[in-house]
Amino acid sequence: MKKYLKKVAFLLIVLSILVSAVAYLMPRRLPKEIIQTTGMIEGTELNIAPKITERIKEVRFEEGDYVKDGEIAVILDSGKEKAQFDQAQANLEVVKASVLTAAADIEKAKVDLEDTKRDLGRYSALLDRKLVSQNDKDKAQTAYDTAVAGLNRAEAQKSYAEANVKQAEAALQVAKVNLDDTVISSALSGNVTLKAYEPGEYVSAGSTILTIVNLKDVWVRVDVDETQVSKIKLGDLVKVKVDSLPSQEFTGRVSEINSEGGFATQRDVRRGRQDITTFKVKVKIGEPGGVLKQGMTATVSFITR
């Protein structure tokens with residue numbers, strides 16, 4: 001009898017182990033009101049890159065550092081740009097002086113014109129009375145014509161000088177922009193996730209020196225099958241978990257649902273239907289706490305209504 005009971009107990013233990021193993025290995029079914037999929041954590045990102053090619057003088061932050069919006073992040077060597085700015089400023093002063101000179105020449109030319117005009121009138125009257133020769137009157141006419149040409153030349157010179165002023169002002173503005181571009185500030189508050197250059201290195205225009213990500217404003221963008229996307233609404237509650245933080249669960253809300261489908265995720269050949277496409281859904285995470293990083297794999301559970 002004891003041997004029989006032992007056999008029964010052993011069989012029950014084996015059966016219990018088999019049931020537990022099968023239950024563990026079988027795919028777990030989610031409640032009908034929950035849709036689960038995976039995606040990547042994303043965030044607002046800023047690449048700090050220079051607009052000019054220059055040597056780096058200072059990089060004020062390291063990877064992991066927090067940067068405030070408006071803080072100076074990178075300083076480039078400004079020696080060449082400062083010299084170009086000073087030269088452009090000096091050139092502007094020179095051409096402005098030429099405008100004043102041209103203006104003075106115009107005033108003098110106007111006086112000469114009035115004098116020669118008066119002389120021409122007098123000689124014309126005297127010629128009518130036969131008191132001067134034609135040659136005298138012609139000389140007065142030539143002097144008058146020369147004065148007219150002188151005034152025209154002075155006015156043209158002033159116009160040319162004013163054009164030079166505009167050109168010099170534009171050159172100064174370009175030089176100022178280049179000088180200002182040697183100091184690069186962050187336009188975003190966030191953490192440095194990449195530092196690609198060190199002080200002393202030359203960096204080309206457009207090359208990323210630092211990447212800053214706002215870890216307080218992150219989201220997950222996932223693909224949802226067309227068979228399920230109609231169950232998801234804007235504002236729906238979402239639970240988010242990441243593999244690297246298995247003990248933490250984050251809450252989010254559906255903030256965007258694309259109106260156009262994307263690539264096919266599977267082919268339904270059994271019922272002769274077209275490929276099943278997916279729709280991009282964006283989930284804004286409410287309080288990420290700064291621990292979620294871009295690129296983390298996230299499991300998203302949509303709690304549908």
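The values are calculated or read from the model by the stated rules, or taken from the named source; none is laboratory data. Note that this is a predicted model, so its numbers are computed, not measured. Cβ: placed from backbone, ideal geometry, glycine included. Neighbour counts: every protein chain shown.
Residues in the range 58-72 that are touching a residue at least 60 places away in the same chain (Cβ under 8 Å) and surrounded by fewer than 18 Cβ atoms within 10 Å (Cβ to Cβ): GLU58, GLU62, GLU63, GLY64, ASP65, TYR66, LYS68, ASP69, GLY70, GLU71, ILE72.
To keep it simple, each residue is scored yes or no on (1) assigned by TED's automatic domain parsing to the domain that holds ILE34; (2) not hydroxyl-bearing (Ser, Thr, Tyr).
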{"site": "GLY121", "(1), (2)": "no, yes"}
{"site": "ASP128", "(1), (2)": "no, yes"}
{"site": "ASP145", "(1), (2)": "no, yes"}
{"site": "SER186", "(1), (2)": "no, no"}
{"site": "LEU210", "(1), (2)": "yes, yes"}
{"site": "GLU226", "(1), (2)": "yes, yes"}
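With respect to GLN87, determine if the residue is touching a helix residue (DSSP H, G or I) at 6+ places or on another chain (Cβ under 8 Å) and exposed (fewer than 14 other Cβ atoms within 10 Å of the Cβ). Here the answer is yes, as GLN87 does meet what is asked.
Considered as a group, the residues in the range 201-249 that are among the small types (Gly, Ala, Ser) and free of Cβ contacts under 8 Å to residues at least 12 places away in the same chain include one that is surrounded by the most Cβ atoms within 10 Å (Cβ to Cβ), and that residue is SER230.
Of the residues making up the range 161-200, those that are surrounded by 13 or more Cβ atoms within 10 Å (Cβ to Cβ), more than 17 Å from ALA88 (Cα to Cα) and charged (D, E, K, R) number 1.
Here is the figure for the range 159-205: residues that are farther than 30 Å from LYS216 by Cα, in a loop (DSSP other than H, G, I, E, B) and not charged (D, E, K, R) total 2.
One residue stands out in the range 82-129 among those that are over 60 Å from the mean Cα position of the chain (by Cα) and hydrophobic (A, V, I, L, M, F, W, C): the one that is modelled with the highest pLDDT, namely ALA125.
Screening ILE75 with (1) out of contact with any Lys or Arg (no Cβ under 6 Å at 6 or more places or on another chain); (2) surrounded by 13 or more Cβ atoms within 10 Å (Cβ to Cβ) gives one miss only, at (1). Note on the range 254-274: residues that are at pLDDT below 90, touching a strand residue (DSSP E or B) at 6+ places or on another chain (Cβ under 9 Å) and either closer than 13 Å to ASP223 by Cβ or hydrophobic (A, V, I, L, M, F, W, C) (or both) amount to 8. Quick one: in the range 275-305, which of the residues that are modelled with pLDDT under 85 and not in a loop (DSSP other than H, G, I, E, B) is surrounded by the most Cβ atoms within 10 Å (Cβ to Cβ)? Within the range 275-305, the match that is surrounded by the most Cβ atoms within 10 Å (Cβ to Cβ) is THR277.
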